[in-house]
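Working notes, beginning with the structure itself.
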Amino acid sequence: VPLQACGGGFVQAGGSLRLSCAGSDRTFNSIMGWFRQAPGKGREFVAAISWNGGTLRYADSVKDRFTISRDNAKKTVYLQMNSLKPEDTAAYYCAATPSRVTVISSTPASYTFWGQGTQVTVSS
């Protein structure tokens, strides 16, 4: 698996979780992103971060609640999720673009490497 995501779980509404995603020299290249997919729905963009962490992008639905960050020395990207809502329930996937990509995209097709997904369940 190119990327290893972990940190999902079961939490009550209003709670917090922190997802982590570990890459390698091959996969932790440039832009890193998080996507999610709920049952019966398509894959949805959540957040992305540039190589140096200077550019961040969030979906409107998670802005001001989620924070993406990265530690390049550890080849790990994080997603801190606060004030969780039942509608945040989904499988969460981390993804990486090829190293030549410099513009953040919210489109799954722009990301080459994917993790296996980690389930987040938020109860009301």
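Just to confirm my understanding: which cysteines in the chain have no other cysteine beta carbon less than 4.7 Å from their beta carbon?
Result for the chain is Cys6, no neighbouring Cys Cβ within the cutoff.
Picking from Ala96, Ala109, Ala73, which is most flexible by a Gaussian network model of the chain using Cα springs under 10 Å?
Per the Cα network of the chain with a 10 Å cutoff, Ala73 tops the list.
Report, in debye and to the nearest 20, how large the dipole of segment 18-124 comes out about its Cα centre when Lys and Arg carry +1 and Asp and Glu carry -1 on their Cβ.
Roughly 160 debye, rounded to the nearest 20.
Grab the other residues whose beta carbon is less than 15 angstrom from that of Tyr93, score K and R as +1, D and E as -1, and report the net.
The answer is +1.
Output needed: percent of Cα pairs per 5 Å distance bin for segment 1-70, bins running from 0 to the one holding the longest distance.
Binned Cα distances yield the sequence 3, 13, 21, 28, 22, 9, 4, 0.
Please report, to one decimal in angstroms, the Kirkwood hydrodynamic radius of the chain built from all distinct Cα-Cα pairs.
Taking every pair of different Cα atoms in the chain, averaging 1/r and inverting gives 14.1 Å.
Let me have the relative contact order for the chain, percent, based on Cα pairs under 8 Å that are six or more residues apart.
Rounded, it is 38 percent for the chain.
On average, how much accessible surface per residue is there in the chain, in Å², for a 1.4 Å probe, leaving out ligands, DNA and RNA?
49
If you wrap a convex hull around the C-alpha atoms of segment 71-124 and split its volume per residue, what is the figure in Å³?
Given the Cα convex hull of segment 71-124, per-residue volume reads 114 Å³.
Build a GNM of the chain with springs between Cα atoms under 10 Å: which of Trp34, Trp114, Trp51 gets the top mean-square fluctuation?
Trp51
The values are calculated or read from the model by the stated rules, or taken from the named source; none is laboratory data. Small disclaimer: the values here were computed from a predicted structure and weren't measured. Backbone-built Cβ (ideal geometry, glycine too); neighbour counts: all protein chains shown. Side chains are part of the model used for accessible areas, which takes the heavy atoms of the whole protein and leaves out ligands, DNA and RNA. Shrake-Rupley method; radii C 1.70, N 1.55, O 1.52, S 1.80 Å.
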